[in-house]
Amino acid sequence: MSRLALLRHGHTEWNRAGRIQGRSDIPLDAEARDGLGALALPAPWADAELWSSPLRRAVETAHLVAGRAPRTDPALIEMNWGVWEGQRGVDLIADPASGYRHIEDWSWDFRPPGGESPREVWERLQPWLKSLRGDAVAVCHIGIMRVILAHAWGWEFEGPAPFKIKRNRLFILDLDRMRPWAEPVRLSPRAAR
């Protein structure tokens with residue numbers, strides 16, 4: 001049986017400002033570094049194969065919670081938000097001409113202008129997912145996690161999602177059946193050295 005644990009990267013300055021990061025390579029902020037430095041992957045995930053998006057915020061999160069460098073794969077990079085990248089979601093939703101929609105109203109084929117759809121993200125993730133053998137942890141982005149979890153839960157990007165992605169939690173899937181665990185697993189407090 002192969003299992004995959006998904007972990008969202010820590011906060012950045014753009015997260016806290018409500019800006020859409022997409023593929024912009026924004027680093028973790030100091031508060032996130034401090035908080036993640038006090039956490040660790042729980043057993044048995046501490047020994048699992050460690051993967052990360054190549055973006056700094058994900059690589060740094062992986063290194064902080066695992067104490068080792070992750071392998072990176074471009075398949076795990078955040079979805080392309082096109083012209084919306086760098087903008088604030090609240091500003092986009094307030095402007096009907098922007099075309100912006102809340103995630104619950106997307107569908108698999110909704111695409112930000114100049115960006116990519118959830119279906120396109122899923123297609124680029126397929127080869128990486130199929131390559132996994134044994135247990136793996138992937139530190140990535142909310143867009144990547146939404147697409148993988150949507151597929152596992154059978155959510156069609158219509159109405160409220162059956163999951164809520166929170167930080168400092170592992171969202172685990174049985175890859176052989178592509179089924180999610182009902183509840184995420186919290187990161188553990190790091191043992192004093």
Taking the range 6-42 and keeping only residues that are in contact with a Pro (Cβ under 7 Å, 6 or more places away or on another chain) and under 13 Å from I142 (Cβ atoms), one is left with T12
Result of the Cβ filter at 7 Å on the range 112-132, keeping first residues that are closer than 15 Å to D73 by Cβ and partners that are modelled with pLDDT of 95 or more and loosely packed, with under 14 Cβ neighbours inside 10 Å, at least 6 apart or interchain, is none
Residue hits (the range 170-190; under 23 Å from S52 (Cβ atoms) and aliphatic (A, V, I, L, M)) are L170, I172, L173, L175, M178, V185, L187
The one condition K130 fails out of (1) farther than 17 Å from L4 by Cα; (2) open to solvent by 70 Å² or more (accessible area, probe 1.4 Å) is (1)
Return yes when A138 is touching a Phe, Trp or Tyr at 6+ places or on another chain (Cβ under 6 Å), modelled with pLDDT of 95 or more and either closer than 21 Å to D73 by Cβ or open to solvent by 20 Å² or more (accessible area, probe 1.4 Å) (or both) and no when it is not. yes
In the set G115, G86, the lone residue that is of a type outside the set (V, I, T), more than 18 Å from N15 (Cβ to Cβ) and modelled with pLDDT of 95 or more is G115
The residue from V83, V90, V65, V59 that alone is in contact (Cβ under 8 Å) with a residue 24 or more places away in the chain and touching a Lys or Arg at 6+ places or on another chain (Cβ under 9 Å) is V65
Going through (1) within 27 Å of S188 (Cβ to Cβ); (2) over 18 Å from the mean Cα position of the chain (by Cα); (3) among the charged types (D, E, K, R) one by one, D91 fails only at (1)
For the range 118-127, state whether one or more residues are of a type in the set (D, E, K, R), open to solvent by 70 Å² or more (accessible area, probe 1.4 Å) and under 30 Å from M1 (Cα atoms). yes
For the range 1-30, pairs from a residue that is among the acidic types (D, E) to a residue that is assigned to a loop (DSSP other than H, G, I, E, B), with Cβ under 7 Å and 6 or more apart or across chains, are E13/I26; E13/D29; D25/L55; D29/H11
In the range 168-188, anything assigned to a loop (DSSP other than H, G, I, E, B) and open to solvent by 40 Å² or more (accessible area, probe 1.4 Å) is listed as N168, D176, R177, W181, A182, E183, P184
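The values are calculated or read from the model by the stated rules, or taken from the named source; none is laboratory data. Quick caveat: nothing in here was measured; it's all calculated off a predicted structure. All Cβ positions, even for glycine, are placed from backbone atoms using ideal geometry, and neighbour counts span all protein chains on display. To get the accessible areas, we keep the full protein, side chains included, count just its heavy atoms, and leave off ligands, DNA and RNA. Shrake-Rupley method; radii C 1.70, N 1.55, O 1.52, S 1.80 Å.
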